[in-house]
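Asker: So that we are looking at the same thing, I have put the structure below in structure tokens.
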Amino acid sequence: MDEIIVDKQAEPVDFDEPLVAKGRVDSMGLLSILSFVQQNFGVDLLATGNPNDVESIEKMAAAVRRAKGDGD
């Protein structure tokens, strides 16, 4: 992901932090993350139909585990 900009002054992202709502990621950044998840884990989070699944890192990880059959 070459388009990541690192702000050394920014606070670390909490796993349960709402990424878009808190302004950590914009819509294009979210699409990049979703593409990364699909390419690396074989899970299309947009196809799950649950917008809450892409709200935070924690929720994305849980959705990937569910889709892979690894539980929550």
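The values are calculated or read from the model by the stated rules, or taken from the named source; none is laboratory data. None of these values were measured; they are calculated from a predicted model. Here Cβ is always computed from backbone atoms with ideal geometry, including for glycine, and neighbour counts include all displayed protein chains.
Asker: Quick one: in segment 33-72, of everything that is of a type in the set (S, T, N, Q) and surrounded by 12 or more Cβ atoms within 10 Å (Cβ to Cβ), which residue is modelled with the lowest pLDDT?
Answerer: THR48
Asker: To continue, here is another question. Quick one: which residue in ALA21, ALA62 is in a helix (DSSP H, G or I) and at negative phi?
Answerer: ALA62
Asker: Please specify each residue of segment 15-72 satisfying the condition of being under 12 Å from the mean Cα position of the chain (by Cα) and of a type in the set (D, E, K, R).
Answerer: Within segment 15-72, ASP16, GLU17, ARG24, ASP26, ASP44, ASP53, GLU55, GLU58, LYS59 qualify.
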